[in-house]
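Heads up, the thing below is written out as structure tokens.
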Amino acid sequence: MADKTSRTGVAYATPAILELVERVHAAHDPALERAYRSPELRDMPTISLAPSEGKLVQLLTQLSGAKRAVEIGTLAGYSAVHIARGLGEGGMLDTLEIDPRHAEIARANIEAAGLSDRVRVHIGSAAEILPSLVARGPFDLVFLDADKAGYPEYSIWAADNLRSGGVLIADNAYYFGALLADDPSARAMRRFHEELPARFASVCAPTPDGLVIAIRKP
Ligand code: SAH
Ligand code: MG
């Protein structure tokens, strides 16, 4: 034990440790539980953030003082509920979802969480919808969690439409473990990483699938 440190890449987390800290720090209230369970109950992919990741995104939103946010990839609204809570009263989240069924379920979950007044769910591809949001900017926070091939384009949009000091967060930054693979999405995800430092101060936090956290440079 003594000769191992986290600097060597050793992961100390065990399933039981993760279960304990998640239960203590990221417990679900009924609204979060509903949004978290929706995918398995409604035949959607079970690919939302994990509870501790959701809470991390909520606290980053709150810490940054963000009031206006954009999310790409809504699914059932689990991460949207976290972001909207982090924005607080008077905040506004525009969340983009290409699948109308996902969007409909997300709207119901957001309504059940009492957050309809600060979340707009847009149906369509992010590439189509993002240009219509420009006039509402600049934004304080952008969260990427949709098609991975789109990350380079979405992060350029984020750099152009975040205020100086605004926050970019991107999930699945290890691309499900295939970041070094030879397919178009993996190449896009590598390009996303490589292009980021020019316009952001950035880090890839070692969540199970990597979470990029970045601040727009002045
Ligand atoms: N952020 C959610 C999980 C999102 S899963 C959470 O943590 O709770 C990814 C979602 O992105 C899916 O619902 C998928 O339909 C959507 N998506 C995929 N490609 C998209 C695109 N081009 N534009 C908008 N949404 C897209
Ligand atoms: Mg994800």
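Every number in this text was worked out from the coordinates using simple rules, so none of it is lab data. This is a predicted model, so every value here is computed, not measured. Glycine also receives a Cβ, built like all others from the backbone with ideal geometry; neighbour counts cover every protein chain displayed.
For this structure, a couple of remarks:
- Residue-wise HN-Hα couplings along region 6-20, as the Karplus relation 6.51 cos²θ - 1.76 cosθ + 1.60 with θ = phi - 60° gives them from phi, are 5, 5, 7, x, 5, 9, 7, 5, 10, x, 5, 5, 4, 5, 5 Hz; Gly and Pro carry x.
- Translational D in µm²/s for the chain (Stokes-Einstein at 25 °C, 0.890 mPa s, Kirkwood Rh from C-alpha pairs): 139 µm²/s
- Shown in residue order for region 160-174 are the 3J(HN,Hα) couplings computed by the Karplus curve 6.51 cos²θ - 1.76 cosθ + 1.60 at θ = phi - 60°: 6, 10, 8, 5, 4, x, x, 10, 10, 10, 9, 8, 6, 5, 8 Hz (x for Gly and Pro).
- Karplus-derived HN-Hα couplings along region 202-218 (A = 6.51, B = -1.76, C = 1.60, θ = phi - 60°), whole Hz, x at Gly and Pro: 9, 8, 10, 6, x, 6, x, 10, x, 10, 6, 10, 9, 10, 5, 5, x
- The overall shape of region 17-133 is oblate: from the C-alpha gyration tensor, with semi-axes ordered a ≥ b ≥ c, the ratio a/c is 1.5 or greater and a/b is no larger than b/c.
- Total formal charge among the other residues, if their Cβ is under 12 angstrom from that of Arg191, Lys/Arg +1 and Asp/Glu -1: 0
- Cut-off 11 Å between beta-carbons: net charge of the residues surrounding Gly90, Lys and Arg +1, Asp and Glu -1: +1
- Distances between placed amide hydrogens fall under 5 Å for Phe200 paired with Lys217, all partners being 5 or more residues away or on another chain.
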